[in-house]
Every structure is written in C-alpha cells, then in structure tokens.
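Every number here is computed from the coordinates shown, using simple stated rules; none is lab data. No experiment lies behind these values; they were computed from the predicted model shown. Every residue, glycine as well, gets a Cβ built from its backbone with ideal geometry; the counts of neighbours run over all protein chains shown.
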Amino acid sequence: MSSKNINIVIFRREKLGHESCTGLKLALENLGHKVFICKTYDQDDIKFVETLSPEMIIRWGCTVSMETDIPVINPVKAMNKISNKAEFRTLLGNDPLLKDFIPKTITDTQFYSGQKTLTDDFFPAIVRPYTHHGGFQLQYIKSLTEFQNTKLPSQWYISIYIPKVKEIRVYCMGGHVLKMDNKVVENKDAVAWNYVQNSDAHFVNIRWDAWHKRCGRIALQAMKLVGLDFGGVDIMIDAENNDYILEINSAPTITGEYEQKIFSLGFDYLLQHIRKTGEKYYNMEIPEKCKSYRELIHPALLKNKE
C-alpha cells in the first residue's frame, strides 16, 4: 500500500484488539478509506506512521503519545481517567448527574485518611486494585472482620457488592449510541460476569426498539464526563431495576460483522465531519429522558438504514 493513500491510522497495543482492528480496517476500506494498523510495540510500524499524513488517528485501547495536529480519536488524558478504576469511580461519584449510578465505593486513600470509614453494613463487598482487567484480581469479602484480615493490593478500592440480574454494554461514539448488548452467562449467581468466572460469557445484540434508554443516557453522560470519543460502557442492573456503571472499555471487542460495520459507519461519519469543520464531532446535548431509541442512536445508522 502506498503511504500517500493512507487516510486513517489505527493504533493498537500488544495482545489487544487484533481481530477487532483487522475487521474494522476491512469495513472502513469497504467505505473507500485506506487504513493502516500500527502495532505500537513494533518500531518499524511507528517509523512508518511518522512518514504518513492521515486525516484521522484512532487509538484502540492504547495511550501511545505522538506530537501531531491530526485529529486523534480518544485522547490519552481521557483514557487515563478510565484505566485507573478507583479514579474513575471517584470521578463519577463527584458528578451530580452520575453519583447515584455507581456502586458505593471507598478508595484506599479515603479509607487511610479517615475521610471515609467501613462498617459492617458495607459488606459483602468487592476489593480490586486500581487497574485490573477481566475477572482477575477480584476479592469477594463477606464481612468487616474478613476485610481486616485480608491481604490487600498496594493500591485498592472497595465497592459494596450488588447482586445483578442483567448486565448491558452500551457502545458509544460521538455523543450517540451505536449498539447495545446483553451479557449472557450461565451462572448468574457468580460475583463477576466475565470469562474468568463464566467461560461461556458472551454478548447478544439488543434490537433498537428494545434498548434500555436510561442505560443509554447515563452511558453517554459518563463518556462526556471523561472526554472519550468512543467506547463500550458496562452497566449492571439489579433486581429493583437500578442501574450502576461499572467501567468503560476503550477497546471494546467487535469481532462480529455487524459490530465492525456500525463502527466503520460511525468513524466514517466522524471523518466527514472533520473534513467539513476541522473539528471532531460531539453532540453535547444528552437528553434527560428518552422516549425513543431515536434520541440516542448514532445518525450514521439511521442514515444507512434510509
């Protein structure tokens, strides 16, 4: 491929997003774009990218820095806010619109400084390190006494355990929703619904007219708060139909043809806006209440349907 033809570069880090990025590349090329996937751990790839003049750079779960005037999708600053899970929970807890949509959480700093205390009614609870992935490094603690006798990570946060009946992933881009999935697991009594505790865990697409509209609204608000351009927001729902934001994934798995197609349409829409205005597109007006999925859905999908 001639370097002059490449107009989109995707940065991905080692052991993350190979299948997703490869599929996204093909879907974007079906729309007429020329795409190069830069493996940020490969110095030859980095040197090659330095010779390019793309219209847009997409960070897929990586925070590699690069001095450029080219629009970069997903800023490093925003990605750092979500990689530190304790900081992310604290940020949401201080936001007046989202503070009621997270599990009650105490960080090690708040605990050791005496700013917040733990009592028996906080348990059972979950302890995790600041940064973690999947279902690893998760400690389920039943009581305050057990907590006091537990070896903790060097940096940790603790959240009250809330049994969930449903978990939804909301795929967001540019202030809109691209897709919603239900996470399906066989063992719904498991503490975590992930591949570590549920090897059969998988996502099932939710039809537009069945979207959980409140989940969509708070997912977009969380994306706006941290400043991300795209990502997958994981939200759990309890037996009383309360929603709780768990985390945001800056490299959501999109290995299916449909996922790759809608993400390509979203990025194409974004690039068209950049060409017209010179700025990244972001709809900052998130509805307080939604009567229809049309108030949430990304306009590129409605345009494609028409």
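Within the straight-line cut-off of under 18 Å between alpha carbons, the aspartates and glutamates reachable from LYS303 are ASP209, GLU259, ASP268, GLU295, sequence neighbours fewer than 8 places apart in one chain being disregarded. Here's the list of aspartates and glutamates a cross-link from LYS142 could span, going by alpha-carbon distance under 12 Å and ignoring same-chain residues fewer than 8 apart: ASP120, ASP121.
Going down the table (LYS15/LYS104; LYS164/LYS291; LYS34/LYS224; LYS164/LYS224; LYS25/LYS47; LYS77/LYS179), which pairs top 22 Å between alpha carbons? Correct reply: LYS15/LYS104; LYS164/LYS291; LYS34/LYS224; LYS164/LYS224; LYS77/LYS179. Our summary gives the stretch 166-305 a relative contact order of 31 percent, counting only alpha carbon pairs under 8 angstrom and 6 or more residues apart.
Rg and Dmax over the alpha-carbon atoms of the stretch 166-305 stand at 15.1, 50 Å.
The alpha carbon centroids of the stretch 210-287 and the stretch 1-70 are separated by 21 Å. Ordered by the count of other Cβ atoms within 10 Å of each Cβ, fewest first, ILE82, ILE254 give ILE82, ILE254. Set against the labelled values (i) 133; (ii) 83; (iii) 148, volume of the Cα convex hull per residue in Å³ computed from this structure falls on (iii).
Each residue of the stretch 38-47 was assigned a 3J(HN,Hα) from its phi angle through the Karplus curve 6.51 cos²θ - 1.76 cosθ + 1.60 (θ = phi - 60°); the sequence is 9, 7, 5, 9, 10, 5, 5, 5, 4, 5 Hz, with glycine and proline shown as x. When peptides 105-114, 259-268 are sorted by average Cβ neighbour count within 10 Å, with the highest value leading, the order is 259-268, 105-114.
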